[in-house]
Structure formats: C-alpha cells, structure tokens
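Q: Quick one: the structure is below, questions incoming.
The values are calculated or read from the model by the stated rules, or taken from the named source; none is laboratory data. As the structure is a computational prediction, the values presented were derived from the model and not from experiment. Using ideal geometry, Cβ is built from the backbone for each residue, glycine included, and neighbour counts are taken over all protein chains shown. Surface accessibility is based on the protein's heavy atoms, side chains included, excluding ligands, DNA and RNA. Shrake-Rupley method; radii C 1.70, N 1.55, O 1.52, S 1.80 Å.
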Amino acid sequence: METSADISHLPLPPGSSGLPLLGETLAFIQNTGKFVEDRRLLHGDVFRSHVLGDPIVFLLGPEANRWIFAGENKYLRNRWHLAARKLLGKQSVAMLNGGDHLDRRRLLAPHFTYAAMRHFVPRIEAIVQRHCEQWLSGTQPFKAVDAVRALVFEVAIVLMMGESQVDPAYMSRLFKQWVAGLFAAVPVDLPFTAFGRGVAAEKELRAYIDSLVAEREKRTEQPPDTLGSLLSARDEQGRPLSRDAIIDELELLLFAGHDTTVTATSNLMMLLAQYPEVLERCRREQQELAEQGPLTLESLRAMPYLHQVIQEVMRFIPPIAGAFRVTTEDVSYGGYRIPKGWQVSLNIRAAHKGAPWTSPERFDPERMGPDRCEQKPQGAYIPFGGGPRVCVGQHFAMVEMAAVAALLLRDYQWELVPGQDLSPIPFPIPLPRDGLLVRFSRR
Ligand code: HEM
C-alpha cells in the first residue's frame with residue numbers, strides 16, 4: 001500500500017457514479033449478484049459505483065479479500081447501511097471499532113469456541129426432535145423455510161439465555177419485525193413504514209430482554225449461557241458491562257446468527273433433495289453413527305462427508321453475499337486510488353464463484369474433500385468472512401447445521417413440491433423464493 005502523499009496521481013477505479021444522490025442504488029438492490037457480475041465483465045475485478053448514499057469501490061477476488069481483512073482498523077473500518085446503523089445497538093460487537101472491538105471479541109470468544117458447544121449438542125438434539133414431530137403432525141406440504149426459522153430461533157435462545165424463562169414465539173414475532181426494518185430501503189420512522197415498525201418492535205424487544213436481564217442479575221451465580229457470560233464479564237478496571245451494552249449484544253447476536261443459519265440450513269435441505277446421490281452418501285455415513293446413540297461433539301466430528309456438503313452449500317449459495325467497510329484515509333489498490341470516506345465492498349459471492357474454483361456453477365461437495373483438495377488460497381472461501389471480524393458464531397453455526405442435518409438424514413425424508421420457484425431471492429439473504437415447499441415424512 002502506498003501512502004496518501006504519493007498516490008494522488010493514481011486514477012480512480014473505472015465505473016460510473018449513476019444518478020445524482022441516488023447513484024446506482026436501485027440496480028444494486030434489485031439484483032446485487034447481477035449488478036456486480038455485469039460490471040465485473042465490463043471493468044474487471046476493481047470498479048467504482050455510488051450506492052446506498054456514498055461512493056463505493058468493489059474489489060473482487062481472493063487477493064482483494066485478503067487486502068480488506070488486513071486493512072481492518074488500519075485503513076478501513078466497519079460500515080453498516082443506514083437503516084442498520086440506526087437500528088443496531090451502538091454498543092454491540094458489530095458496531096464497535098478499534099480497541100473496543102477487540103476487547104469485546106476477547107470477551108465473547110471463550111463462549112463461542114468449538115469446545116464450548118459441547119453442552120449445547122443434547123439441547124439442540126431435543127429441540128430438533130420436537131420440531132420434527134410437529135412437522136410430521138402438521139399440514140403437508142409446508143414451507144420448510146418457516147419451519148427451520150422457528151427451530152433455529154429456539155436453538156439461538158437456548159444458547160443466549162437458555163437458563164431464563166423465555167417466550168420464544170413472542171420474541172420471534174418482534175424479532176422478525178425488527179429485522180424487516182433493518183433491511184428497509186428507506187429508513188423513515190413512520191408507523192406505516194417497515195423501518196417505523198422495526199423501530200417499534202426493537203423498543204418492545206429491548207424492554208422484554210431488559211426484564212430477563214434484570215431477573216438474571218439477582219442470581220448469585222450465572223449459568224453458562226451468553227447472558228451469563230455477559231453478566232459476569234469485567235473490564236480491566238473491574239467494571240461490568242452496562243445493561244444497555246448487554247441488550248445491544250444479545251440483540252446483535254440474535255440478528256447475526258439467525259437468518260444466516262436459516263438460509264444455510266434451508267439451502268442444505270433443498271440441495272440434498274435435488275442431488276439424490278449426495279443425499280444417499282450422507283445417509284450411508286449416518287448409518288453406523290446412528291447406532292452409537294445420541295449426538296455428541298465427537299460424533300459430529302466423525303461426519304467428514306456431511307461437513308464437506310455443508311461447506312459446499314455455503315460456497316454455492318453464500319448466506320451473506322458480502323459486507324461493507326469504509327476507508328479511513330486515501331489508499332491505493334491495484335493501481336487505483338480510493339479516496340478517504342469511500343465504501344469498500346467485501347464480496348463473498350464473487351470469491352466463491354470465480355477463480356480458483358473450477359466449474360464454480362456446479363454443486364460438487366467432492367471439491368471440499370481431502371482427496372480432490374482443490375487449491376484454496378486464503379480469501380477464496382470465506383462464508384464466515386475473515387480477519388478481525390470473522391464470524392463470532394461460526395462454530396455454533398457449523399455444530400447446529402451438522403446436528404440438524406444428521407438427525408434429519410437418520411430418521412426423516414422430504415420431497416420438494418414440484419412447480420415451485422427455488423431460485424434464491426436476491427436481497428437481503430438468498431432463501432428459496434417460494435419458501436421451499438416440502439412433503440415431510442418418517443423414513
Ligand atoms: C451459517 C451461518 C452464518 C454465516 C454464514 C455467518 C457469516 C458471517 C460473516 C460473513 C460475518 C462477517 C461480516 C463482516 O465481515 O462484516 C459474520 C460476522 C458475525 N457473525 Fe456470523 N454467520 C453465521 C452465523 C452466526 C451465528 C450463529 C452467530 C452468533 C450466535 C453469528 C454472529 C456473528 C457476529 C456477532 C458477527 C460480527 C463480528 C464482528 O463484527 O466482529 N454468526 N458472520
């Protein structure tokens with residue numbers, strides 16, 4: 001990287017700023033994947049535009065991703081879109097920067113290690129079995145996305161505040177309304193706008209979580225859920241986190257972990273149904289393990305093929321297409337100048353659909369296996385991001401998805417209802433458009 005003094009002669013990246021004020025926002029929101037692909041064909045892996053209120057540079061490919069990860073807190077900082085900046089708590093890990101961000105990551109880290117997932121596995125198993133019984137007894141066919149949504153929400157509540165008396169259905173209704181506000185294109189706070197309804201829902205959700213936190217503060221010993229860790233945490237001066245910071249964090253964790261896991265799990269169900277030979281191989285892997293009794297962290301580890309499949313599902317349809325950063329000084333990349341204050345797009349989808357992947361449009365779990373061992377330079381496979389902001393909940397997500405899939409594969413079967421639209425919605429997350437209609441039965 002050159003310093004700002006000697007890069008003033010460099011040109012801006014090629015591209016267009018679009019219309020005054022609006023820039024190219026409409027085309028970007030309508031179909032982000034196509035927007036990027038069209039411009040990549042025209043300009044190559046570095047181009048500029050103007051979306052969501054600010055100039056932006058798109059940097060595509062593994063090398064660009066490594067540059068973005070390396071730039072965190074140096075020449076880049078995190079940047080959320082306007083609605084999220086207004087609706088996500090300012091004291092949550094995703095909104096913090098610099099030293100405060102690192103401190104919060106340190107605080108959360110022990111709770112989210114792979115080993116820490118051990119005591120959640122039996123609880124996840126119990127929740128999955130109960131939900132599957134409900135799926136069997138309800139109307140057939142049903143929308144698997146909605147069913148998975150309810151399941152994943154309950155699992156998240158157990159992780160976050162499993163030792164509290166929580167009403168998941170009430171929380172889930174508020175949560176859904178809040179998240180719809182977070183992705184509102186126009187963040188205007190009026191009672192009839194999605195954003196306005198999101199503001200109201202967040203207020204109610206906050207009050208509800210506040211009452212749960214107040215109840216838990218009375219306990220002398222905190223149980224081992226996220227809320228317990230947040231309540232027990234002390235900074236270097238021995239001070240606890242404020243009540244607001246705790247609520248901001250719990251809400252953020254729910255938000256960051258929910259739709260992502262729902263998307264990946266739903267797409268896993270869809271692709272298993274579409275690729276019978278992959279499904280059969282997964283079932284064969286489960287046969288022996290099923291005889292060993294309930295799931296454990298060790299048995300989940302002994303499912304290499306299922307893990308390959310989950311990894312390929314997230315390469316093929318990344319639950320998060322990308323993220324944004326903003327430059328904190330003039331910087332150069334690829335022979336171009338990127339001025340201070342410009343947005344920088346981290347593009348996960350482009351990384352998964354370009355070189356070095358061979359035939360990236362083919363769903364092929366073999367490519368994740370040890371014997372094919374496709375060359376994967378750092379930055380080419382990043383479903384959970386990378387660098388200092390790599391996903392906090394990646395182990396939790398992997399354990400949860402493997403547990404759900406293993407239990408479904410062992411005892412159940414599901415068929416996709418013909419004639420439905422399975423194409424992914426382009427924004428904000430790539431769920432199957434018609435909600436993945438399935439007929440579900442016991443094997
Ligand atoms: C399949 C499921 C998931 C996927 C694909 C996923 C993906 C990601 C990605 C790509 C990022 C980086 C965003 C950036 O660079 O700005 C991220 C960050 C984050 N994820 Fe996840 N995630 C998943 C599940 C979860 C779960 C279950 C949790 C929590 C229980 C979680 C908590 C977070 C948090 C807190 C951050 C922000 C980290 C920070 O800013 O330092 N995620 N996730």
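Q: If you scale each eigenvalue of the Cα gyration tensor by 5 and take the root, what three semi-axes come out for segment 4-442, rounded to whole angstrom and sorted largest first?
A: Equivalent ellipsoid of segment 4-442: 34, 29, 22 Å, largest first.
Q: Shifting gears a bit: Quick one: order ARG105, ARG433 from most to least accessible surface, probe 1.4 Å.
A: Ranking ARG105, ARG433 by accessible area, largest first, yields ARG433, ARG105.
Q: If you find the alpha carbon centre of segment 240-284 and of segment 358-412, how far apart are they in angstrom?
A: Segment 240-284 and segment 358-412 have Cα centres spaced 12 Å from each other.
Q: So, by mean Cβ neighbours within 10 angstrom, what's the order for 418-427, 109-118 with the highest one leading?
A: Averaged packing, sorted descending, gives the order 109-118, 418-427.
Q: Further question: Tell me, what is the percent relative contact order of the chain, built from C-alpha pairs under 8 Å that lie six or more residues apart?
A: Relative contact order of the chain: 26 percent.
Q: I need the Kirkwood Rh of segment 343-433: take the reciprocal of the average 1/r across all distinct C-alpha pairs and report it in angstrom.
A: 16.2
Q: Still on this model: Run the reach check for LYS143 against aspartates and glutamates, Cα to Cα strictly under 18 Å, same-chain hits fewer than 8 apart removed. What comes back?
A: Within the straight-line cut-off, LYS143 pairs with GLU133, GLU154, ASP259, GLU415, ASP421, ASP434.
Q: Same structure, new question: On the protein heavy atoms, probe 1.4 angstrom, tell me the percent of accessible surface of the chain carried by carbon and sulfur.
A: Taking all protein chains in place, the chain shows 55 percent carbon and sulfur surface.
Q: Measure off 7 Å from each Cα along the Cα-to-Cβ vector at ARG219 and LYS203, then give the distance between these two points in nanometres to one decimal.
A: Those two pseudo-labels are separated by 3.1 nm.
Q: Which one, PHE195, ILE68, VAL438, projects farthest toward the positive side of the charge dipole computed for the chain from Cβ point charges (K/R +1, D/E -1)?
A: The listed residue farthest towards the positive side: PHE195.
Q: Another question, then. Once you have the Cα-Cα distance between ALA169 and GLN129, take 0.36 nm times their residue separation minus that, and quote the gain in nm to one decimal.
A: 12.6 nm
Q: Follow-up. Using unit Cβ charges (K, R positive; D, E negative) and no other charged atoms, how large, in debye to the nearest 20, is the dipole of the chain about its Cα centre?
A: Dipole magnitude for the chain comes out near 360 debye.
Q: What net charge is computed for the residues neighbouring PHE153, neighbours being all others with C-beta under 12 Å from the C-beta of PHE153, Lys and Arg scored +1, Asp and Glu -1?
A: Every neighbour counted, the sum reads -2.
Q: If you don't mind, another one. Pairs LYS203/LYS340; LYS90/LYS203; LYS86/LYS176; LYS86/LYS340: which are spaced more than 26 Å apart, C-alpha to C-alpha?
A: Listed pairs above 26 Å: LYS203/LYS340.
Q: Could I ask something else about it? Just name one of GLN413, GLY23, LEU102: the one whose Cα is farthest towards the positive end of the charge dipole of the chain (beta-carbon charges, Lys/Arg +1, Asp/Glu -1).
A: Going by the Cα projections, it comes out as GLY23.
Q: Related question: May I ask you to list the lysines whose Cα is less than 26 Å away from that of LYS34, ignoring any residue fewer than eight positions away on the same chain?
A: LYS353, LYS376
Q: Which value, in Å² rounded to 10, gives the accessible area of LEU151 with a 1.4 Å probe and all protein chains present?
A: Per-residue accessible area (LEU151): approximately 10 Å².
Q: How large is the accessible surface per residue of the chain, computed with a 1.4 Å probe and reported in Å² as a whole number?
A: Accessible area per residue: 44 Å².
Q: What Kirkwood radius, in Å to one decimal, follows from the Cα pairs of segment 290-443?
A: Value: 18.3 Å, from the Cα pair sum.
Q: Could you give the length gained by full extension between THR328 and LEU136, i.e. 0.36 nm per residue of separation minus their alpha carbon distance, to one decimal place?
A: 63.8 nm is the gain from fully extending THR328 to LEU136.
Q: Based on DSSP, what percent of beta bridges with both residues in the chain are antiparallel, to the nearest 5?
A: Roughly 80 percent of the DSSP beta bridges within the chain come out antiparallel.
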